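A.B. asks: Right, I'll just put the structure down here and ask away after.
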Amino acid sequence: MKKDKGTLLKLKNELASMLNQVLPGYIRLVDVLARSKYNMGAVELLLESPSKLFYLLKEYYGDEISAEYAFYEVFLRPLAQLLGYRINEYEFMEMIKAGKDREALMKIIKLYISVHREA
């Protein structure tokens, strides 16, 4: 479990850096929303409880289609890039919408470890 926490911290830092370079204003907005509701930043929320982040976006946008698009483009595609494009983003989206956070996070950790072992 301790190894998983360290892996998630490293992934969190890489993803946060990537997102802040590409979409700094938008990430700050989502961070404010996430911190006001869950007391953690958007990337932390993604890597601890991705379904909460998705439903936060759904609440913000007011509909599922917009939330799904934002979640996919802003969070899942960059995450897929960090995981060497070894995830099916649509499959992950369905797991997250279904509240299967633990299952999704375990896959992310395994893929991240696998990618960095090969590097």
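A.B. asks: Can you pull out every residue in segment 1-44 that is acidic (D, E) and at pLDDT 90 or above?
C.D. replies: E14, D31, E44, listed by residue number.
A.B. asks: Can you tell me which residues in segment 94-113 are under 20 Å from E14 (Cα atoms) and of a type in the set (A, V, I, L, M)?
C.D. replies: Within segment 94-113, A104, L105, M106, I108, I109, L111, I113 meet the criteria.
A.B. asks: Here's a follow-up. Pick out, from segment 1-110, the helices (runs of 4 or more DSSP H) lying fully within it that include 1 or more residues that are touching a residue at least 40 places away in the same chain (Cβ under 8 Å) and of a type in the set (A, V, I, L, M, F, W, C).
C.D. replies: 2-22, 24-38, 42-48, 50-61, 77-82, 89-97
The values are calculated or read from the model by the stated rules, or taken from the named source; none is laboratory data. This structure is a prediction, so every number in the text was calculated from the model and none was measured. Glycine also receives a Cβ, built like all others from the backbone with ideal geometry; neighbour counts cover every protein chain displayed.
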